[in-house]
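Engineer: Got a structure for you, questions after.
The values are calculated or read from the model by the stated rules, or taken from the named source; none is laboratory data. Quick caveat: nothing in here was measured; it's all calculated off a predicted structure. FYI the Cβ positions are ideal-geometry reconstructions off the backbone, even for glycines, and counts take in every protein chain you see.
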Amino acid sequence: MAASPEPGAAVESSDLQLAELVRQKDRKATSDLVALHADAVYAYIAHRLQPNKTHAEDLTQEVFVAALRSIDGYRGTSSIRYWLLGIARHAVQDHYRQSLKEASLEDTGVTGVTVNDNLPERIDDERQRERTERVLNRMRQDYSVLLRWRYWENKSTAEMAALTQKSDKAVERALARARRQFSELWKETL
Amino acid sequence: MSNEEFVQHLMLIAEAPEPVRAPSTLKSRIYSALQQEQSGTGPLRSLTQTAAGGGRLCVFEKLVQIAPVGEAMKSRNPCRVCHARVLGERVEGAPIWWPNCPYVRFQNR
């Protein structure tokens, strides 16, 4: 969970002061909130929603508005950035849930592929990461969302099924097809 | 390596986002939205209080702050009618350079 908010993220007294000034509707504090944390929130959301940059921007804005509305609830038990990323994480999960709820998850002819026994060991992580991102961007959107939700947010099949109001079997089958499509595109994507 | 392990391995490698800067137009729109949200529930903290607390005002805010007008006027959002906001929200790398203007601060220069 490297991209998620890190537990124990330190709270600085300046965070409490910033939150208090935002509560008082101090415009400079509000601009500090945006200037200091928008990059991190956007990076987190954009990575999880890629390649949909427009939606990532909309969602980033929604996160800040939601944070402002609940600033009274910020007690300083975590840093402001950790708190904002927590809101962002919920927003992303809600986006995943909504997009899968609306998706049919039907089989559209992904063939059975078995390409996975020779992961090139000499390719460094960075190249694998870039190639994986290209594959995710080429995949069927609902399949790509399934894989991100499963592996980046650690959601189990049962949890995804419950949240999207689909059967466990339907999600399991879709996940298997998603993995097959991933493997197939991996071979094609250099 | 099974198909599941193969996919999982690569997904975990790709999990962490690379550092990315948010577009300056996005930061500008967020700030405007927050200001609108705050203005919608009552007056903003007055410019006099903000300046007294160490907040640095832009030239337009400074003019409003020293003008012989009531605190109610100083608790409004002058950015609403400022060209810097309009440019900041619409143009990446907007040609604005006013000191202490939030929309200038959001530019990724």
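Engineer: Inside region A:54-69, can you point out the residues that are modelled with pLDDT of 95 or more and farther than 25 Å from A:Asn154 by Cβ?
Structural biologist: Correct list: A:Glu57, A:Asp58, A:Gln61, A:Phe64, A:Val65, A:Leu68, A:Arg69.
Engineer: Can you tell me which condition B:Met73 does not meet? The list is (1) more than 11 Å from chain A (Cβ to nearest Cβ); (2) modelled with pLDDT of 95 or more, and all the others hold.
Structural biologist: It is condition (2) that B:Met73 fails.
Yes or no, residue by residue, for (1) part of a helix (DSSP H, G or I); (2) under 21 Å from the mean Cα position of the chain (by Cα); (3) within 8 Å of chain B (Cβ to nearest Cβ):
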site	(1), (2), (3)
A:Leu18	yes, no, no
A:Val22	yes, no, no
A:Asp39	yes, yes, yes
A:Ile45	yes, yes, no
A:His55	yes, yes, no
A:Thr60	yes, yes, yes
A:Thr77	no, no, no
A:Arg81	yes, yes, no
A:His95	yes, yes, no
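Engineer: Can you tell me which residue is farthest from the other protein chains (Cβ to nearest Cβ) among those in region A:62-75 that are part of a helix (DSSP H, G or I) and of a type in the set (Gly, Ala, Ser)? Before the answer, list the steps.
Structural biologist: First, the residues of region A:62-75 that are part of a helix (DSSP H, G or I): A:62-69, A:71-73.
Now restrict to residues that are of a type in the set (Gly, Ala, Ser): A:66-67, A:73.
Working: A:Ala66: 10, A:Ala67: 9, A:Gly73: 16 Å.
Applying the filter and picking the extreme gives A:Gly73.
Engineer: Would you tally the residues in region A:167-185 being of a type in the set (S, T, N, Q) and surrounded by fewer than 20 Cβ atoms within 10 Å (Cβ to Cβ)? Please lay out each step first, then the result.
Structural biologist: Start the filter on region A:167-185 by keeping residues that are of a type in the set (S, T, N, Q), which leaves A:167, A:181, A:183.
If we keep only those that are surrounded by fewer than 20 Cβ atoms within 10 Å (Cβ to Cβ) too, we end up with A:167.
Here the count works out to 1.
Engineer: Also, I was wondering about something else. Of the residues B:Glu18, B:Glu4, B:Glu37, which is surrounded by fewer than 17 Cβ atoms within 10 Å (Cβ to Cβ), more than 7 Å from chain A (Cβ to nearest Cβ) and among the acidic types (Asp, Glu)? Steps first, please.
Structural biologist: Numbers: B:Glu4 fails: more than 7 Å from chain A (Cβ to nearest Cβ); B:Glu37 fails: more than 7 Å from chain A (Cβ to nearest Cβ).
Answer to the check: B:Glu18.
Engineer: Looking at region B:84-104 only, could you name the residues that are without any contact (Cβ under 8 Å) to a residue 12 or more places away in the chain and loosely packed, with under 15 Cβ neighbours inside 10 Å?
Structural biologist: Of region B:84-104, the ones without any contact (Cβ under 8 Å) to a residue 12 or more places away in the chain are B:86, B:95, B:97.
If the condition is that a residue be without any contact (Cβ under 8 Å) to a residue 12 or more places away in the chain and loosely packed, with under 15 Cβ neighbours inside 10 Å, then B:Pro95, B:Trp97 are the ones that fit.
Engineer: Right, here's the next one. Counting only residues that are small (Gly, Ala, Ser), give me the helices (runs of 4 or more DSSP H) lying completely in region B:16-109 with at least 3 of them. Full working, then the answer.
Structural biologist: Details: elements: B:24-39, B:47-52, B:59-66, B:71-74, B:83-90, B:102-105.
In region B:16-109, the matching helices (runs of 4 or more DSSP H) lie at B:24-39.
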